[in-house]
Amino acid sequence: YKDGWFSELSSMWPGQALSLKVDKILHQTKSDFQDVCVFQNEAFGNVLVLDGVIQCTDRDEFSYQEMIANLPLCSLPYEPKKVLVIGGGDGGVTRELARHKSIEVIDQAEIDGEVPRTSKQFFPKMAVGFDDPRVNLRITDGLKFLEECAENTYDAIVVDSSDPVGPAEVLFQRPFFESMHRALKPGGVVSTQGESLWLHLELITEVAKMCKDVFVGGTVNYAYTTIPTYPSGQIGFMLCAKANDGEPFSFKESRRSPPEGLRYYDEDVHRAAFCLPKFAKEALRGH
Ligand code: AAT
């Protein structure tokens, strides 16, 4: 913070920073895992910051939350019943999953109990996700949760994780993807916070390569959305499907109609999300 402005500095995006004017600091604490801060901003409403990195704002959260949840769910050829969220402590992704009426169980593993507590107080429109009776929120590490989880359990897993510095580092590594693969039903899908084409193309191609290895016989695709308060205004998702003996799987066309009440995602946006700019397509094709 300097002269009333917050600047988002990180080794993940050296030499650049988004700055937001701080109208009022609403909350500031240190949890067992990270610094947690909420401030109010004229352009974006309430802003949640963990370890100096913006996690969500009132005004643009729907872009990311709708996309990370609906790209996988609307790609499934059947109605999902049991889903898992890793991270996502603000509740926004949970809210998006809860819109799907066929879902019977939403398990969630968030490492830091302070995040849902903070969200209930300052982001009621996201925390509303936790009020759904189908939700079982556990405060535990996502990797640990999955390692203890039975095989063939979930139709979909959504990994709404922070960047791979700090507690979320394990969520970008092979053992985590292997345990997700185990926990998925055949034909089940994974969607993870996949970072920005403008900043992390090398990381993205490495993760894609590892995913293709783990989800051998299945499908791996990167798709993206635009969002002003994430670094460089763009963030993507790594989508992986576990091989099924049945029909070949594609993420690129949605197969199920989206739920009611969305403001970003629809069938056209679904299709467009997979059309990558040339430089990215070439980098990802090389693997
Ligand atoms: N929807 C908000 C966006 C997020 S939230 C990321 C969440 O992941 C945080 O609540 C954090 O506490 C949680 N988390 C981090 N590590 C783990 C872990 N090992 N297990 C479970 N949960 C974890 C993401 C914002 C992306 C920012 C892009 N720059």
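Every read-out reported here was derived from the displayed coordinates using simple, explicitly stated rules and does not represent laboratory data. Model, not experiment: these values are computed from the prediction. For neighbour counting, all protein chains shown are included, and Cβ atoms are generated from backbone atoms with ideal geometry for every residue, glycine included.
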Quiz item: Which one is surrounded by the most Cβ atoms within 10 Å (Cβ to Cβ) among residues in region 221-241 that are aromatic (F, W, Y) and closer than 18 Å to W13 by Cβ?
Solution: Y230
Practice problem: Of all residues in region 18-74, count the ones that are closer than 25 Å to R256 by Cα and within 13 Å of the ligand (Cβ to nearest atom). | Solution: 10
Self-check item: Hits in region 178-220 - residues which are part of a strand (DSSP E or B) and surrounded by fewer than 23 Cβ atoms within 10 Å (Cβ to Cβ)
Solution: K185, P186, G187, T219, V220
Quiz item: Out of region 149-166, which residues are within 15 Å of the chain's Cα centre (by Cα) and within 14 Å of the ligand (Cβ to nearest atom)?
Solution: I157, V158, V159, D160, S161, S162, D163, P164
Practice problem: Scan (1) surrounded by fewer than 18 Cβ atoms within 10 Å (Cβ to Cβ); (2) outside any strand (DSSP E or B) for the single condition R138 breaks and write down its number. | Solution: (2)
Self-check item: Selection from region 1-36 of residues that are among the polar types (S, T, N, Q), out of contact with any helix residue (DSSP H, G or I) (no Cβ under 7 Å at 6 or more places or on another chain) and part of a strand (DSSP E or B)
Solution: S7, S19, Q28
Quiz prompt | Of all residues in region 51-93 being small (G, A, S) and surrounded by fewer than 24 Cβ atoms within 10 Å (Cβ to Cβ), the one that is nearest to N152 (Cα to Cα) | solution = S63
Practice problem: Would you mind listing the strands (runs of 3 or more DSSP E) fully within region 39-99 where at least 2 residues are charged (D, E, K, R)? | Solution: none
Quiz prompt | region 100-119: number of residues that are part of a helix (DSSP H, G or I) and surrounded by fewer than 16 Cβ atoms within 10 Å (Cβ to Cβ) | solution = 0
Self-check item: Residue list for region 130-148, filter: free of Cβ contacts under 8 Å to residues at least 40 places away in the same chain, among the hydrophobic types (A, V, I, L, M, F, W, C) and near the ligand (Cβ under 8 Å from one of its atoms)
Solution: L143
Self-check item: Residue count, region 226-258 (criterion: touching a helix residue (DSSP H, G or I) at 6+ places or on another chain (Cβ under 8 Å) and part of a loop (DSSP other than H, G, I, E, B))
Solution: 10
Quiz item: Under the condition of being more than 11 Å from the ligand (Cβ to nearest atom), of a type in the set (G, A, S) and under 30 Å from N41 (Cα atoms), which residue from region 192-249 is nearest to the chain's Cα centre (by Cα)?
Solution: A223
Quiz prompt | Scope region 93-126; condition within 14 Å of C56 (Cα to Cα), within 9 Å of the ligand (Cβ to nearest atom) and without any contact (Cβ under 8 Å) to a residue 60 or more places away in the chain; matching residues | solution = P116
